[in-house]
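Inspection log for the structure reproduced underneath, given as structure tokens.
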Amino acid sequence: MALLLLAGGCTLTRPVADPTRFYLLAPVDLAERDDTDGNEIEAVRIGLRRVQLADYFNTAAITVRTGENSLRYSHFNRWAEGLDRGTSRLLTTVLSQQPAVDSVLLFPEASREAVVYEVELVLTACEAVETDDGGGFRFAADWKLHRSDARRVVSRGTFSREGAWERGDYAALANSISRAISELGWEIGRELERLER
């Protein structure tokens, strides 16, 4: 009996490996998107408002859509930071590289500085997708540009990306979402450039 208790105790004290994996949004090289017309413009300071998220994916667990009206949360595959903060961080990096942008300030800091435009962003989809014949991903966002001195919206748009995803490859999913956010930043940058010309 004592031997059985001792053997059971040994298994109880063994360390258990944590299967949780964390994924981070990171800049993606989009040098091939450098399609400026070469004319110099005066760069402006912009402010980035807090990114808004749809409630269903405002979670650390990566969201996987399994049907039109069904989803699951991959609790062992998680975002390393909130999607709102990760998107803001990545978008700030991408926007800072745009010809029309001098610098990017985040709110509430931006409210204490003179900014020419304010960027408002609402993420409406950011998820892996599982289907009977494979997998994919969906990313979508609505954006607006506010002219600070006029206190009005001067431009708006909807951005979306979909693509293939190999089920279980969450690192590839994080890369695809990172690329989508980077492309979104380029799109907003091109619109800022158009407005300033």
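Descriptive notes on the structure:
- Filter pass, L123 being part of a helix (DSSP H, G or I), surrounded by 19 or more Cβ atoms within 10 Å (Cβ to Cβ), aliphatic (A, V, I, L, M) and modelled with pLDDT of 95 or more: no
Yes/no matrix, rows are residues, columns are (1) touching a helix residue (DSSP H, G or I) at 6+ places or on another chain (Cβ under 6 Å); (2) surrounded by 10 or more Cβ atoms within 10 Å (Cβ to Cβ); (3) modelled with pLDDT of 65 or more; (4) under 23 Å from N175 (Cα atoms):
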position: L3; (1), (2), (3), (4): no, no, no, no
position: L12; (1), (2), (3), (4): no, no, no, no
position: V16; (1), (2), (3), (4): no, no, yes, no
position: L25; (1), (2), (3), (4): yes, yes, yes, yes
position: V28; (1), (2), (3), (4): yes, yes, yes, yes
position: E32; (1), (2), (3), (4): no, no, no, yes
position: T36; (1), (2), (3), (4): no, yes, no, no
position: I41; (1), (2), (3), (4): yes, yes, yes, no
position: R50; (1), (2), (3), (4): no, yes, yes, yes
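- Residue match in segment 130-137 (condition: buried (at least 18 other Cβ atoms within 10 Å of the Cβ) and closer than 19 Å to A54 by Cα): yes
- Selected residue [on the phi > 0 side of the Ramachandran plot and modelled with pLDDT under 95] from R151, R147: R151
- Scanning segment 126-166 for residues that are in contact (Cβ under 8 Å) with a residue 12 or more places away in the chain and part of a loop (DSSP other than H, G, I, E, B) gives S148, D149, W165, E166.
- Residues of segment 94-115 that turn out to be surrounded by fewer than 21 Cβ atoms within 10 Å (Cβ to Cβ), among the aliphatic types (A, V, I, L, M), touching an Asp or Glu at 6+ places or on another chain (Cβ under 8 Å) and not in a strand (DSSP E or B), as a count: 1
- Pairs where the first residue, in segment 73-92, is farther than 19 Å from V28 by Cα and the second is among the small types (G, A, S) and modelled with pLDDT of 95 or more, C-beta under 6 Å, 6+ apart: Y73/A61; S74/A61; H75/A61; R78/A60; R78/A61
- Every residue from segment 125-160 that is of a type in the set (K, R), over 17 Å from A110 (Cα atoms) and in contact with an Asp or Glu (Cβ under 7 Å, 6 or more places away or on another chain): R138
- Cβ pairs under 7 Å, 6+ apart, first in segment 170-185 and part of a helix (DSSP H, G or I), second surrounded by 21 or more Cβ atoms within 10 Å (Cβ to Cβ) and hydroxyl-bearing (S, T, Y): I181/T87
- Candidates V115, V153, V122, filtered to the one that is under 13 Å from I46 (Cβ atoms) and of a type outside the set (K, R): V115
The values are calculated or read from the model by the stated rules, or taken from the named source; none is laboratory data. These figures come from a predicted structure and were not determined experimentally. FYI the Cβ positions are ideal-geometry reconstructions off the backbone, even for glycines, and counts take in every protein chain you see.
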